Amino acid sequence: MRTNHRTAPALTAPWLIAAAAALAALAAATFLLNPPKTQAADTAGTVVSTAKTSVGRILVNSRGHTLYLFGKDRNGKSACAGMCATFWPPLIAAGKPSAGAGTRASLLGTTRRADGRRQVTYNHHPLYTFVKDKRKGQTNGEGLNAFGAKWYAVSPAGAKVVRKVAPPAGNGIPQNNGGDHDSDNNGGPSDGDGNI
């Protein structure tokens, strides 16, 4: 006895091409309407101004967040990339940076980062924000030893601001023993046992 087997119609090349084109168009439209949300470096207006904080009058970005310099930067070039730039996002210039209240336009400039973007500088110091500064005027990064050097808020004169009191212990930023081979992450004095 013979049995008839019916098979589904074979997928044809024109049908596959049309389906692939429709999916690609849908994916492109979705991406354009809802771009991925990442923690991008600050580019909002690239205005540098000043604000009064717990460490004195310092530079802030257009959102009022503290701007920092990195002690490892040399000759106006950033030494902070990769994981470092995740914790300390660079202030990226969308055009020529503007001097806001309390700053000097003659001290503003830019430097080219390894990725080709232009980072704002002040008195030849590349400027950064700190991810743990969530509100205007916070200075949680002041004096921290992370990624091979210390971080400081920047004065209106373009110099580092040195906090009069020690920063809180345990900043929670991964690094190589805080530079003192102790695990306190702040470069504090070693007690000789290789631990906190």
Checklist entry - Quick one: length gained pulling ARG117 to ARG104 fully straight, 0.36 nm per residue minus the C-alpha distance? => result 2.4 nm
Checklist entry - Given the pairs LYS96/LYS132; LYS96/LYS150; LYS77/LYS132; LYS52/LYS77; LYS52/LYS134, which span a C-alpha to C-alpha distance of over 19 angstrom in this model? => result LYS96/LYS132; LYS96/LYS150; LYS77/LYS132; LYS52/LYS77
Checklist entry - Over the stretch 47-179, what is the mean sequence separation of C-alpha contacts under 8 Å (at least six apart), divided by residue count, expressed as relative contact order in percent? => result 30 percent
Next on the checklist: Whole percent per 10 Å bin, from 0 to the bin with the longest distance: what is P(r) over all C-alpha pairs of the stretch 47-179?
Outcome noted: 14, 49, 33, 5
Checklist outcome for this item: Whole-Hz Karplus couplings 3J(HN,Hα) for the stretch 137-154, θ = phi - 60° and coefficients 6.51, -1.76, 1.60, Gly and Pro as x, run x, 6, 10, 5, x, 4, x, 5, 9, 8, 6, x, 6, 8, 10, 9, 5, 10
Next on the checklist: If amide hydrogens are placed 1.01 Å from N in the peptide plane, which non-local residues have theirs closer than 5 Å to the one on ALA146?
Outcome noted: TRP151
Checklist entry - Roughly what would the spin-label model give for ALA157 and HIS124, points 7 Å off Cα along C-beta, in nm? => result 1.7 nm
Checklist outcome for this item: The local net charge around ARG118, scoring Lys/Arg +1 and Asp/Glu -1 for residues other than ARG118 whose Cβ lies under 10 Å from its Cβ, equals +4
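Every read-out reported here was derived from the displayed coordinates using simple, explicitly stated rules and does not represent laboratory data. Keep in mind it's a predicted model, so treat the numbers as computed, not measured. Cβ coordinates were reconstructed from backbone atoms using ideal geometry, including for glycine residues, and neighbour counts include every protein chain displayed.
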